[in-house]
Amino acid sequence: MSETLAEHQTGVPPHGHAEPDKFDVRKLDFFYGDFQALGDITVGIKRHAVTAFIGPSGCGKSTFLRCLNRMNDLIPGSHAEGTVLLDGEDVYGPGVDPVDLRRRVGMIFQQPNPFPMSIYDNVAYGPKLHGVRRKAELDEIVEKALGRANLWKEVKDILPRGGLTLSGGQQQRLCIARVLAVEPEVLLMDEPCSAIDPTSVQKIEDLMAELKDRITIVIVTHNMQQAARVSDFTAFFLQEKLGEAAKLVEFDRTAVLFTSPKDRRTEDYITGRFG
Amino acid sequence: MTDPLDRGGRATPGDRRPAADLLHREAPAPGVSGPSALVPPAGPPTRLSTISRATYLKEAGLKNLFLLCACVAVAGVLLIFLFVGYRGFPIFGKLGIAAFLGGRTWSPSAGSFGVLSLIINSLLATLGALAIGAPLAIGTAVFLSDVASPRVRELVRPAVELLAGIPSVVYGLFGLLALRPIIAKTSGGLGFGLAAAWMILAIMVVPTIAAISEDALRSVPDGIREASYAMGATKWQTIWRVLLPAARVGIIDAVILGMGRAIGETMAVLMVAGNAAVVPAGIFKPFLTLTTVIVLEMPYASGDHRTALFGVAIMLFLISMAFVASIRLISRLGRERS
């Protein structure tokens with residue numbers, strides 16, 4: 001795997017290899033109790049690019065995503081071994097505060113999950129958590145975040161209305177605005193489009209293209225067309241046998257992985273022979 | 001460098017790899033679903049069987065049985081209300097509503113039956129108990145739903161539920177024999193009074209409020225917890241800023257039900273209240289409530305006195321109804337707002 005990585009790093013376009021990777025994951029194992037869910041994952045997540053994780057259900061892609069912001073910490077009995085470097089700093093290092101990590105590495109979930117409070121309060125939640133108190137400042141952050149999430153025009157007159165009154169797609173963009181309000185460096189998206197309507201999917205995909213100039217995006221998706229459309233890099237995960245740890249089979253530029261996969265299993269998957 | 005994909009995700013025409021096929025296949029290949037799947041199997045058409053008489057009778061009988069169960073409950077409420085109203089209503093005509101509700105003197109021997117002091121005492125006892133008991137119970141609910149490990153939870157929850165199963169006379173005994181002497185020593189009085197009643201009632205409302213609040217907290221979707229943690233919130237911030245507000249309607253319901261429990265509590269209050277029919281001058285002075293006056297005086301009351309006690313029962317009934325109505329109102333408002 002390491003040769004493959006070295007190989008394609010030379011093929012990375014200028015804006016990618018000029019800077020070090022945003023996430024540098026080395027030999028990561030992850031366990032739910034005694035069960036090893038991920039085995040020996042080594043991968044670099046490129047800065048200011050969209051990286052897609054693909055693979056059949058249960059292949060560990062969501063688990064891996066949740067290692068990046070330590071959301072897995074919330075599952076009792078789970079633990080990770082190996083290193084996950086965020087800008088060179090190990091997120092699993094001693095004394096690292098997962099709460100601060102999650103502010104820098106935001107997350108969007110499959111099911112839109114706005115808080116049962118007003119649209120305004122949803123977006124202001126993060127800034128308030130981190131100490132912003134002044135109304136004028138909050139107003140500005142809320143407008144900017146909703147604007148970046150392409151939702152401002154639709155909700156600017158109904159900010160006091162409950163977030164749950166919006167449509168599913170709007171709710172998902174509200175969740176994106178909520179995360180953007182704390183200015184994260186990375187946005188992890190766990191199948192963000194699988195529970196919403198096609199028009200909204202289009203909007204969210206456009207949004208990802210706009211956001212990646214400033215934010216590193218990682219998206220887990222079941223939809224290979226989506227991975228092909230939105231991502232610059234793709235990682236293919238696979239759990240070969242039930243009860244075995246999932247592995248990273250192949251990681252490459254999306255263009256390369258989808259057109260000339262090096263691994264037979266990748267090719268089988270993306271041509272639809274299994275999964 | 002030749003990039004076979006542009007940003008739109010379309011493959012260049014010269015690409016021959018089978019995998020690339022995926023990228024420019026817009027629609028499913030024709031002829032995937034043939035018409036054969038839609039043709040019904042051959043053979044004589046089967047008739048739908050008709051409902052048997054036995055099944056029909058059983059279904060109808062069960063329906064009526066459940067209806068009857070519901071009717072018994074409603075009839076019970078109605079009968080009690082009619083009975084209490086029939087026996088107590090004349091007091092309003094006799095004394096006038098103003099004298100009954102607004103009178104501060106409850107002195108059966110002097111023929112004055114003003115229940116205002118008793119209403120105030122009942123409310124004082126209830127509100128004080130809730131001021132102590134509600135935070136305790138909501139804290140317990142948060143602990144059970146979001147803080148405790150499963151093992152600790154399985155120990156604590158039955159303990160809290162057991163509180164609900166202890167007869168109120170046992171609470172009264174505990175208050176009378178364990179709590180009162182301590183209060184007497186610290187306050188210098190007899191120890192009967194609001195202070196003792198508050199403490200006993202506070203413990204008594206905990207299981208009601210804790211159980212319903214815990215249900216409300218648990219019914220907050222886990223996705224909302226995840227969203228909060230993923231925003232960089234601590235557990236405390238998540239509980240305080242997201243979970244409690246999200247569960248607020250259920251928690252308010254719980255507190256109101258706790259109020260109902262506290263205002264209706266008789267035996268335990270009777271044993272620690274000291275039972276003087278005045279608004280107490282302090283929290284260590286004896287007092288009498290709407291419930292305790294009925295228990296204490298009904299055995300020997302006759303004439304107007306007896307009618308007035310039924311009038312007190314009507315007051316209790318109305319207060320309970322107001323609690324139930326406010327629960328309904330709050331949940332309706334809560335639903336409309338979110």
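The values are calculated or read from the model by the stated rules, or taken from the named source; none is laboratory data. Only a predicted model underlies this, so the values are computations on that prediction, with no experimental measurement involved. With ideal geometry, Cβ positions are generated from the backbone for all residues, glycine too; neighbour counts draw on all protein chains shown.
Of all the helices (runs of 4 or more DSSP H) wholly in the stretch B:220-317, which have at least 2 residues that are more than 14 Å from chain A (Cβ to nearest Cβ) and over 30 Å from B:SER149 (Cα atoms)?
Details: elements: B:222-230, B:248-264, B:267-273, B:290-297.
Hits in the stretch B:220-317: B:248-264, B:267-273, B:290-297.
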Going by the structure shown, is B:LEU190 in contact with a helix residue (DSSP H, G or I) (Cβ under 9 Å, 6 or more places away or on another chain), surrounded by 14 or more Cβ atoms within 10 Å (Cβ to Cβ), of a type outside the set (S, T, N, Q) and part of a helix (DSSP H, G or I)? no
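Take A:VAL99 and decide whether it is at the interface with chain B (Cβ under 9 Å from one of its Cβ atoms) and on the phi < 0 side of the Ramachandran plot.
Details: at the interface with chain B (Cβ under 9 Å from one of its Cβ atoms): yes; on the phi < 0 side of the Ramachandran plot: yes.
When the stated conditions are applied, A:VAL99 passes them.
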Is it the case that the stretch A:184-204 has a residue that's within 16 Å of A:GLY106 (Cα to Cα), small (Gly, Ala, Ser), touching a residue at least 24 places away in the same chain (Cβ under 8 Å) and within 13 Å of another protein chain (Cβ to nearest Cβ)? no
Check on B:SER187, hydroxyl-bearing (Ser, Thr, Tyr), farther than 19 Å from B:LEU136 by Cβ and either at pLDDT 95 or above or in the same structural domain as B:ALA281 (by TED's automatic domain parsing) (or both): yes
Take B:LEU217 and tell me if it is hydrophobic (A, V, I, L, M, F, W, C) and farther than 30 Å from A:ILE108 by Cβ. no
Filtered residues of the stretch B:106-153 (kept if outside any helix (DSSP H, G or I) and either of a type outside the set (Val, Ile, Thr) or modelled with pLDDT of 95 or more (or both)): B:TRP106, B:SER107, B:GLY111, B:SER112, B:PHE113, B:GLY114, B:ALA148, B:SER149
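Taking the stretch B:193-226 as the search range and keeping residues that are among the charged types (D, E, K, R) and crowded, with 20+ Cβ neighbours inside 10 Å, which one is farthest from the chain's Cα centre (by Cα)? Spell out how you get there, then give the answer.
Taking the stretch B:193-226 as the starting set, the residues that turn out to be among the charged types (D, E, K, R) are B:214-215, B:218, B:222, B:225-226.
In the following step, the residues that additionally are crowded, with 20+ Cβ neighbours inside 10 Å were identified as B:214, B:225.
Details: B:GLU214: 10, B:ARG225: 23 Å.
Filtering the stretch B:193-226 for residues that are among the charged types (D, E, K, R) and crowded, with 20+ Cβ neighbours inside 10 Å, the one farthest from the chain's Cα centre (by Cα) comes out as B:ARG225.
Give me a count of the residues in the stretch A:50-109 that are β-branched (Val, Ile, Thr) and assigned to a strand (DSSP E or B). Outline the logic, then answer.
Taking the stretch A:50-109 as the starting set, the residues that turn out to be β-branched (Val, Ile, Thr) are A:50-51, A:54, A:63, A:75, A:83-84, A:91, A:96, A:99, A:105, A:108.
Going one step further and asking which of them are assigned to a strand (DSSP E or B), we end up with A:50-51, A:54, A:83-84, A:105, A:108.
Number of matching residues: 7.
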Would you confirm whether any residue within the stretch A:211-233 is away from chain B (no Cβ under 14 Å), within 30 Å of A:ALA177 (Cβ to Cβ) and either assigned to a helix (DSSP H, G or I) or among the charged types (D, E, K, R) (or both)? yes
Residue list for the stretch A:155-174, restricted to those being surrounded by fewer than 16 Cβ atoms within 10 Å (Cβ to Cβ) and not hydrophobic (A, V, I, L, M, F, W, C): A:LYS156, A:ASP157, A:PRO160, A:ARG161, A:THR165, A:SER167, A:GLY168
Filter the stretch A:230-275 down to residues that are basic (Lys, Arg) and touching a strand residue (DSSP E or B) at 6+ places or on another chain (Cβ under 9 Å) and give me whichever is surrounded by the fewest Cβ atoms within 10 Å (Cβ to Cβ). A:LYS262
